[in-house]
Each structure stands twice: as C-alpha cells, then as structure tokens.
C-alpha cells in the first residue's frame, strides 16, 4: 500500500474524528474513486483502516484491532469478485 | 440486514476475540461466500461490524465507532462495482 495514501487516509480519519463534517465524507468518496482506479482491493482498505486506528489510538483495546481480521477475511471474497469485474470491464472495452 | 446473520456474526466475533483460531477465520470465509450469494454489499458488512463492536464493547471510545463512517463511505463505491459485476454475470448466464 502506497505510503502517501496511508498518510492521506490517516489525516482524513483524524479530521473526521475531531469533527464529523459532511465534507470529510465527501473526501472519503473521492478517495474511494481514486482507490478503485488504482485497483486497490477492499480487504487492503480494511487492513489500512485497522493499522490507522491502532496508530492513532494506541490505547484502544487490542480486541478491537483483532476483530478487523474477520472483516478482512470476509472482504477477500468481495476483492476477488471486484478483480473479476475489472477484468470483464477491460475485456468489453 | 437479516437478524440471524447479525447474531451469527456477533457470535463469530465473540469467539474470535476470546481465542484467535484458524477455524474462526475459515468460518468467516464461509460466511463471506454466503453473504455474496445473498448479494449483501460490502458497506452493509462494515455497518454490521461497527454495530457489533459497539454492542460487544460498550466502553470502546466512541471515536472508534465514528471512524467506521469513513470506511462505509469508501466501500459504497466498491458496493456499486460489486452490484454491476453481479448484473454482468447474470447477463452472461
């Protein structure tokens, strides 16, 4: 995962955790579009989110971070479907 | 979201948080397959996960739960791509 993206995501999480503003959600939508263009699978995003939570909130109960493992496992299937989708789209171009 | 699925996911999270076992990860993979068959979009899974964390760990800092909003927002784009993929697959059948 790109270091710049990680930093950008951490900054967005930090801003949103300070103040829940609509423009932060809009920024997340824009980031989503960019991530999809870069073909980043959903499980990598969950993994990045878990790492950011752990880094930003070092006192969070470890179980909260561990629980992301199951979410990552579930998203792997969706990631495979996403990759297939991109391949189908490419073929139709 | 199906109540039975929510309960099943909470139980799996609970088991995994007590003991990080490989068979829980395998159960998550099986659950993922079932969720995909049911065409549950990824953002709904994040939302279910956030609700389960909040329910299971009521003392968790609220910011941890709030941060899931950004993850949900990001997953919406992937959910749209996933829906398109299912439509394409259906058409090819």
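Quick look at the numbers
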read-out: Flag for residue A:31 being at pLDDT 95 or above and in contact with a helix residue (DSSP H, G or I) (Cβ under 6 Å, 6 or more places away or on another chain); value: no
read-out: Matching residues, the range B:36-55, being in a helix (DSSP H, G or I) and at pLDDT below 95; value: B:36, B:37
read-out: Top-ranked residue in the range A:19-39 [being within 17 Å of residue A:7 (Cβ to Cβ) and more than 9 Å from every other protein chain (Cβ to nearest Cβ); ranked as surrounded by the fewest Cβ atoms within 10 Å (Cβ to Cβ)]; value: A:38
read-out: Residue B:9 being at pLDDT 95 or above and either in a helix (DSSP H, G or I) or more than 8 Å from every other protein chain (Cβ to nearest Cβ) (or both); value: yes
read-out: Failed condition for residue A:43, given (1) in contact with a helix residue (DSSP H, G or I) (Cβ under 6 Å, 6 or more places away or on another chain); (2) over 17 Å from residue B:16 (Cβ atoms); value: (2)
read-out: Candidate set: the range B:40-85, residues that are within 8 Å of chain A (Cβ to nearest Cβ) and surrounded by fewer than 15 Cβ atoms within 10 Å (Cβ to Cβ); chosen: the one farthest from residue A:46 (Cα to Cα); value: B:84
read-out: Enumeration of residues in the range A:1-23 that are within 19 Å of residue A:46 (Cβ to Cβ) and more than 14 Å from the chain's Cα centre (by Cα); value: A:14, A:16, A:17
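The values are calculated or read from the model by the stated rules, or taken from the named source; none is laboratory data. In this text, all values refer to a predicted model and were calculated from it rather than measured experimentally. Here the Cβ is made from the backbone with ideal geometry for all residues, glycine too, and neighbour counts use every protein chain on show.
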